[in-house]
């Protein structure tokens, strides 16, 4: 049993401290993947510098500065999923609420104190995960989750996504999921990565103001088109998801 104090980060942790805590967390998180504190702490351990860089990017725009100042929330306690599900068919709010109902899950809850803008960006990143499933069209199966991680890696450069992709790809190669062959899996993950690179930054987008906007409209605005492949494996024309 690891002392809980050894799984927490001090203020302004060094790279060595972050790697040490991340290593300890990786030993205990298996079987506790739903533990919000573990997940948030690992993200900070691995991506503190990435989050700091994203804060700097947001500070360069008026919308980004307002996001950092107001710190909107997509936590469960900030949402009325019942009201969202009563919105018209195809709207972001309706599909977002349905997503949670269909998958029998709940929105993220944050257990760590937000001490600064970097902490907020880490929180915002985690909270937008399920929204990105809707906007990108990537499924919640194993391969779909890997596609989404690749998309996020391309869009934000998140190191945690690299780690998840490494373990997920190893697992896929050992025991392919849903009948997806290695070549198809790699093609899909690479296409998702390239799509993320080609898409605009999504972290400064106020999803809270767009519950009544159609998902298709937001997807076209925030996500680059999907690149389809021809039967020969050659790139075909790009299409919207």
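The values are calculated or read from the model by the stated rules, or taken from the named source; none is laboratory data. Computed from a predicted model, the values in this text were never measured in an experiment. Neighbour counts are summed over all protein chains in view; Cβ atoms, including those assigned to glycine, are modelled from backbone coordinates with ideal geometry.
Observations on the model:
- Only residues that are in a helix (DSSP H, G or I) and either within 17 Å of residue 218 (Cβ to Cβ) or without any contact (Cβ under 8 Å) to a residue 60 or more places away in the chain (or both) were counted across the stretch 123-167, and they come to 30.
- Residue match in the stretch 222-238 (condition: outside any loop (DSSP other than H, G, I, E, B), modelled with pLDDT of 95 or more and in contact with a strand residue (DSSP E or B) (Cβ under 7 Å, 6 or more places away or on another chain)): no
- Only one of the numbered conditions (1) more than 21 Å from residue 164 (Cβ to Cβ); (2) modelled with pLDDT under 95; (3) under 16 Å from the mean Cα position of the chain (by Cα) is not met by residue 108, and that is (1).
- Considering the conditions (1) outside any helix (DSSP H, G or I); (2) at pLDDT below 95, residue 89 is excluded by exactly one of them, (2).
- Exactly one residue out of 196, 171, 179 is over 26 Å from residue 79 (Cα atoms) and buried (at least 20 other Cβ atoms within 10 Å of the Cβ), and it is 196.
- Within the set 185, 138, the sole residue that is more than 12 Å from the chain's Cα centre (by Cα) and surrounded by 15 or more Cβ atoms within 10 Å (Cβ to Cβ) turns out to be 185.
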